[in-house]
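Laboratory data are not the source of any read-out in this text; all were calculated from the coordinates shown. Please read these numbers as outputs of a predicted model, since none were measured by experiment. Here the Cβ is made from the backbone with ideal geometry for all residues, glycine too, and neighbour counts use every protein chain on show.
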Amino acid sequence: MADTYQIKNQEGLYYLTFQVVGWADIFSRKIYRDIVIDSLDYSRKNKGLELFSYVIMTNHIHLIVRSTKGDLSGTVRDIKKHISKQVFKTMNEISESRREWLEIIFKYHARSNKRSSLMQFWTHENHAVELTTNKMIQSRLDYIHQNPVRAAWVCKPEDYMYSSARNFADLESLLKIDEI
């Protein structure tokens, strides 16, 4: 794997993208988006994650984050592992009409990956970009918050519940973020 988009500075501020394998639209269901919210909230409170911005789309997540413990790679690994385990568990506990289709995707991607067990949820890349200037930070904030607008789900970024755009607009939000 090329090291262009890797987390090199464990204490740096990063823009990250977590992508579901096969671009599977798992987060089109509220129950799975809420798993992401709970995991990010737990990581903020207990794992030293500073969360400055986020958006949860149907098949990927964008974040601006930093680690107060100097181990952003470890924190990201733990978040992704927890989310995938909870999603797989929830898929089996609820009446998921897409379970067979999703399992085909997750099993297919695990077959070609030595690090995965029976199913793989995330791609291994995090598309990590260290944000070193205010211009870079603002550009990525705008990109994150405009994602649901570009998808034509909402007219204004702050109307999408699963985004930190609500925090920036001082509206009720699902997840507390840190001030950038």
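Taking N as the residue count of the chain, its C-alpha radius of gyration divided by 2.2 N^0.38 Å amounts to 1.01. The phi-based Karplus calculation (6.51 cos²θ - 1.76 cosθ + 1.60; θ = phi - 60°) puts the 3J(HN,Hα) values of the stretch 94-104 at 9, 8, 8, 5, 9, 3, 4, 4, 5, 5, 4 Hz, whole numbers, x for Gly and Pro.
Could you tell me the distance between the Cα centroids of the stretch 38-70 and the stretch 136-157, to the nearest Å? Here the answer is 17 Å between Cα centres.
Here the translational diffusion coefficient of the stretch 84-180 follows from Stokes-Einstein with Rh set to the Kirkwood radius across Cα pairs; for 20 °C and 1.002 mPa s it amounts to 130 µm²/s. Computed extension length for Ala169-Lys81: 28.6 nm, one decimal, from 0.36 nm per residue of separation with the Cα-Cα distance subtracted. Annotation: amide H of Ser53 within the under-5 Å range of Ile64, sequence separation 5 or more or interchain, hydrogens built in the peptide plane. Projecting the Cα atoms of Leu175, Ala24, Asn46 onto the charge dipole of the chain, computed from C-beta unit charges around the Cα centre, puts Ala24 farthest toward the positive end.
In terms of the mean number of neighbouring beta-carbon atoms within 10 Å, the peptides 120-129, 48-57 order highest first as 48-57, 120-129. The label-point distance for Lys156 and Arg98, in a model that sets each label 7 Å from Cα toward Cβ, rounds to 2.9 nm.
In this model, which of Lys47/Lys107; Lys47/Lys85; Lys80/Lys176; Lys156/Lys176; Lys135/Lys176 are farther than 27 Å apart at the alpha-carbon? Beyond 27 Å between Cα atoms: Lys47/Lys107.
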